[in-house]
Amino acid sequence: MTPPPKPIAIIIDDEPAIRKLLRTALEGEGYAVHEADSGQAGLREAAWRRPDVVVLDLGLPDMDGVQALRRLREWSQAPVLILSVRQDVEDKVAALDAGADDYLAKPFDMAELAARLRALRRHSPQEAGEASLRSGPLEIDFAARQVFVAGQETRLTATEYALLRVLARNHGKVVIQRQLLREVWGPNAGEQAQYLRVYVNRLRKKLQAAAPNNAFIRTEPGIGYRLLDIPC
């Protein structure tokens, strides 16, 4: 049996030494770690990787960390831990009001950092609610990020899985095109409807390969898409 994928952590910090230290610590906690040295690069990584947790510095070279956080919160609810030399109450309040989940001042203790990240993930939206979804022959294990159709595992790319996850979290309901684009590809993809159609078609083909008599995803013309609620 294929082991479940590791949870994904993104470090957004312009200091190479800090990123190296955090990478070592987070990999020791079982994370697959990705790095970014600026706010723009961090947002791109977050849109592509769909992280389970983000560690964000406030002093970034291209934008303030609070600005980066606000942009991230336009489309992602991933837990965010702020890591900063700023210790004024005003800075902490601004970050928390912008959507941060926790705030840790530099220098920091690695054991405390790891404990705070574990606490954030326990209470994060991604781990709340149902751990799996069953709709007819389709079964999704959200914790393991695995998809099964008629008992057979269906291999999806990261983007295909992210698209299916958004539809699954709203199964039986119409999800409008703009919401899908923003949640899967990020805040700047809101008008790329053709891009979305290509990936929906790819996802349909993969799901129907093991259960060709089932229509899993319905197109609502001009509106969006719906993952059908199929009786088991």
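Here are a few things to note about the model shown:
- Of all residues in the stretch 148-158, those being surrounded by 16 or more Cβ atoms within 10 Å (Cβ to Cβ) and in contact (Cβ under 8 Å) with a residue 24 or more places away in the chain number 3.
- Restricting attention to the stretch 61-79, the residues that are under 19 Å from LEU22 (Cβ atoms) and in contact (Cβ under 8 Å) with a residue 40 or more places away in the chain total 5.
- Every pair of residues 6+ apart whose Cβ atoms lie under 6 Å, when the first sits in the stretch 97-118 and is over 15 Å from SER84 (Cβ atoms) while the second is assigned to a loop (DSSP other than H, G, I, E, B) and modelled with pLDDT of 85 or more: ALA114/GLU29
- Cβ-Cβ distances below 8 Å connect the following pairs, each with a first residue in the stretch 16-39 that is surrounded by fewer than 16 Cβ atoms within 10 Å (Cβ to Cβ), a second residue that is of a type outside the set (Val, Ile, Thr) and part of a strand (DSSP E or B), and a separation of six or more residues or different chains: ALA32/ALA9.
- Filtered residues of the stretch 73-95 (kept if surrounded by 15 or more Cβ atoms within 10 Å (Cβ to Cβ) and either modelled with pLDDT of 85 or more or over 30 Å from LEU181 (Cβ atoms) (or both)): ALA78, PRO79, VAL80, LEU81, ILE82, LEU83, SER84, ARG86, ASP91, LYS92, ALA94, ALA95
- Screening GLY42 against (1) buried (at least 18 other Cβ atoms within 10 Å of the Cβ); (2) out of contact with any helix residue (DSSP H, G or I) (no Cβ under 9 Å at 6 or more places or on another chain); (3) under 22 Å from THR157 (Cα atoms) leaves a single unmet condition, (2).
- Flag for LEU60 being more than 15 Å from the chain's Cα centre (by Cα) and under 26 Å from TYR161 (Cβ atoms): no
- Residue satisfying all of: in the stretch 137-147; surrounded by 16 or more Cβ atoms within 10 Å (Cβ to Cβ) and in a strand (DSSP E or B); farthest from the chain's Cα centre (by Cα) among these: LEU138
The values are calculated or read from the model by the stated rules, or taken from the named source; none is laboratory data. Because the structure is a prediction, the values reported are computed rather than measured. A quick note on method: Cβ atoms are made from the backbone with ideal geometry, for glycine too, and the neighbour counts reach across all protein chains shown.
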